[in-house]
Amino acid sequence: MTLSLASDEVTLPGPGHGQLRRFGSHVTESALVSAMHRMCCHGKSKEYDFGQRDLETAPAEHVRVCFAFVDRETYDGPPLEEWILAKAGFWTLGHGECSEPGAGDGAGQG
């Protein structure tokens, strides 16, 4: 799953049925790394030539999270003072076999 943070606000499901929570999407790299360090979570950074830097972490066994930061708000915009979060994604490793479509899990049903 990847979550784009191109808008000013992100809306995610809340803890209860039908509840939504709103979060500001302007997060700097230094703020996120500081929060991760406070939780004893560390990551590995990789910078690309096109103004993007990724931070990968493994907060739990078989779980990987990647945060992508950019150095400007638009492709032709001026560089920012701090890198900002553009998207976040996570994936799992070693999950079990998927069931056949339509095998009682709702997959393949239209």
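Points to keep in mind about this one:
- Qualifying residue in segment 71-79 (condition: at positive phi and not small (Gly, Ala, Ser)): no
- Considered as a group, the residues in segment 55-83 that are in a strand (DSSP E or B) and touching a Ser or Thr at 6+ places or on another chain (Cβ under 7 Å) include one that is surrounded by the most Cβ atoms within 10 Å (Cβ to Cβ), and that residue is Leu55.
Residue-by-condition table, conditions (1) open to solvent by 100 Å² or more (accessible area, probe 1.4 Å); (2) free of Cβ contacts under 8 Å to residues at least 40 places away in the same chain; (3) closer than 22 Å to Trp91 by Cβ:
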residue	(1), (2), (3)
Arg21	yes, yes, no
Val27	no, no, yes
Ser30	no, no, no
Met36	no, yes, yes
Cys41	no, yes, yes
Asp49	yes, yes, no
Gln52	no, yes, yes
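- Among the residues making up segment 21-54, those that are β-branched (Val, Ile, Thr) and not in a helix (DSSP H, G or I) are Val27, Thr28.
The values are calculated or read from the model by the stated rules, or taken from the named source; none is laboratory data. Being a predicted model, the structure only gives us computed values, none of them experimental. Virtual Cβ from ideal backbone geometry, glycine too; neighbours counted across all protein chains shown. Just so you know, the surface numbers come from the protein's heavy atoms only, side chains and all, with ligands and any DNA or RNA stripped out. Shrake-Rupley method; radii C 1.70, N 1.55, O 1.52, S 1.80 Å.
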